[in-house]
Structures are given as C-alpha cells and as structure tokens.
Amino acid sequence: MTVSMPMSARGAVILVAALCMAQAVVAQSRAPSPSAKGLISASGGEAPALSVVDWLQRMHAASRQRSYAGTFVVSAAGGNLSSARIWHVCEGDLQLERVEVLSGPPRSTFRRNDHVMTFLPETKIVKSEKRENLELFPNLLGAPDSAIGNYYGARVVGKDRVAGFDADVVQLEPRDGLRFGYRVWSERRSGLVVKLQTLDGDNRVIEQSAFSELQLDAPVKAQVLAQMMSSTAGYKVEKSELQRTTPVKEGWSLRTPIAGFNPVSCYKRAMGGAAGGGQGHTMQWIFSDGLATVSLFVEPYDAQRQPREVLLALGATYTLTRRLTDKDGDWWLTAVGEVPPQTLDAFAQSLVRAR
C-alpha cells in the first residue's frame, strides 16, 4: 500500500533517514512545461553552454563556497506551508550553517562541517551527530563523476528571476526510469541553486524548494554561529553514536548493482533498548547517483515494532518497508530516497545476505 504522509511527519522521516537538515520541499500536483509563461527563452545565448558535469560542478562549488542568508519557503499538496531561515558562512575549509524553523514546533539546527547539532527547545534536548553525507544539492562528493552523463542530460530551458536574482533555468533530464528529473534555477553569477523542482516521468512538479528572500555574501560571522552552536546550557545533549562499517562486515550485499547508484558510506548504530551483540544495531547503507540519494536501513525483525509493509510518499521522497527472511532469521528493511518507488523496490529485490 502507498500512504501519503502529512507535513507533520516530515521531521520524523528526516530523523530516520538522516536527511539534509536544510532541505525544504514544496510539493505540487502539476506544473507548467519549461516553456510555459514566466520562463523566458534562453535562445539569446546568455547562459553558458555547459555539460551536465560542468553544471553540477558549478552548483556544487557555489553551495560550499558562498556565504549567504535567506528564507526558504516550504509548501506541500493540501495547502500546508512552512518556512525556515538559513545562515551559511564559509571561511576556507570551514563551513558553518544555522537553520531556524519558522513554523511548526521550534527547532534550530547548526552544522560545523560534518558535525550537526539540533536544538529542540520544547523538550530541552540537543541531538548531536556526525554526518559525512549532507545531501546538499547537487549531492556530489568531490569532483562529479563523468559517468553521471550516462544517466542525466542537461539543457538550458530559459532564464528567470528568483528572490531578486537573475538565474539560468537548467533542465536535468534522466535517461531512465530509475530517477527523477530536475529543473534548477542557478544564480547567474555564482551558480548557487536558488530554486529547485523535482519532476516525475510526465514532467510534472512533485517537489519544489525556493528562496523567497536571499542575501548573497551576507555578513555572517563564523565565530557567532560557533558560539551559538556550543551554547547547550540547560539542554540535555544526546549523541548519536555512528560506527563506520562495511556491508561485507555486516553480512549484506547487492545481488545486482542499481544502475548509476554508487555506494557512498555504511554505518551501524545501536538500537534503542536492544540487547548487546550483533543483533543490537541498525545498519545504514547509503548510495548516490550524484543527485539522488538512497539509504537502506537494516535491523532485526520485531513483530511488535514492525507490523506491516508499506510504501510512504512525501513529495519526491519515498519510504519502503519490507520484511526479509533468510537462513539467519528475519530482518526489517527501510529504504528511503528521493527516487521513484520502483528504484527502492529494485534495491529491496537486490539486497541479500552475504554470509
């Protein structure tokens, strides 16, 4: 069964899937085609002629090298609306970021490189964890692999203005049905992504995020953000203990690789209330094709905690749960990713015990 998840469930999905803290989503039922009213043709030649790898590298560099402050507006099908204020500063190899949720339960999240701390004022709890895979868009680790051109194409479809900035509108088109397409508004001077739409196979917008207000090269002070991040007086700090591992060590493998999706990292974490030993942890195996990410969470099956298999939908993010049975016992798989459901099913079908 497929379940559409309400906006209030989004925080739980992000927590479970360890998704990017600053990701904001606007879901729509339909959207105009790239040539619709409001998009100006790019035939004037103002946008650079770049390959998909060049475009992604430009966006990737801008997201990590520019300081900015802005407001991200979030909406979803059904009329839900939320927003967040983001401060991002770069000083050499140091990146600091603050995300303040402006609607719903109060929450402030800080990031210092791969260290993430989330403050929950209502419960006076701070969640602290390390995240190597931050899932910024585009989700590139180092230089983009030239093979990404085998799975996506890129073309400039127009020009537009977002939050007062001129932007090139670039269509990233998938070459198969295992991934979604994207329409990206890239700020003309820096390449920073200022608006992003995720498109299904019929070119309909299923998810959108955009800045409603943005200040590039904002005077954000790294020292100030660092001090705010370290101010935990009155809060209980809960550390998420992640241990690097490999699928082989955990006894798992893919029978057949999923085209374009390369393994990024693998961790294990203790299960709440579980006894010690090999059965007391959850494995998270992360894959990426450079734009989309899939996480496979595997843990021992518990009939009281995991009563049924479902497919959950939240904009472009799908969550599939499935019971796996082999000679070693029963396992519970939770597959999460901003990919079509058939891609998660392909991962689930290919996942096997390796020992």
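The values are calculated or read from the model by the stated rules, or taken from the named source; none is laboratory data. Everything quoted here is computed from the prediction, not taken from an experiment. When we count neighbours, we look across all protein chains shown, and the Cβ atoms used for this are built from the backbone with ideal geometry, even at glycine. All accessible areas refer to the heavy atoms of the entire protein, side chains included, with ligands and DNA or RNA removed. Shrake-Rupley method; radii C 1.70, N 1.55, O 1.52, S 1.80 Å.
Summary value for the stretch 189-235: 23 percent relative contact order, contacts being C-alpha pairs under 8 angstrom separated by 6+ residues. Remark: relative contact order (the stretch 169-314) = 11 percent; criterion is Cα-Cα distance under 8 angstrom and separation of 6 or more residues. On a per residue basis, the stretch 221-355 carries 48 Å² of accessible surface, using protein heavy atoms and a 1.4 Å probe.
Annotation: peptides 312-321, 232-241, ranked by per-residue average of other Cβ atoms within 10 Å with the highest first, follow the order 312-321, 232-241. Solvent-accessible area assigned to carbon and sulfur over the stretch 168-249 amounts to 48 percent, based on a 1.4 Å probe. On full extension, the segment bounded by Ala61 and Asp176 gains 38.7 nm, given 0.36 nm per residue less the C-alpha separation. Couplings 3J(HN,Hα) for the stretch 294-300, derived from phi with the Karplus relation 6.51 cos²θ - 1.76 cosθ + 1.60 (θ = phi - 60°), are 10, 10, 10, 9, 10, 8, x Hz, where x marks Gly and Pro. Spin-label model, Ser350 to Arg204: label points 7 Å out along the Cα-to-beta-carbon direction sit 2.8 nm apart. Once C-alpha pairs closer than 8 Å and six or more residues apart are averaged by separation and normalised to the residue number of the stretch 143-191, the relative contact order reads 31 percent. If R0 is 25 Å, the Cβ-Cβ spacing of Ser253 and Lys327 corresponds to a FRET efficiency of close to 0.95.
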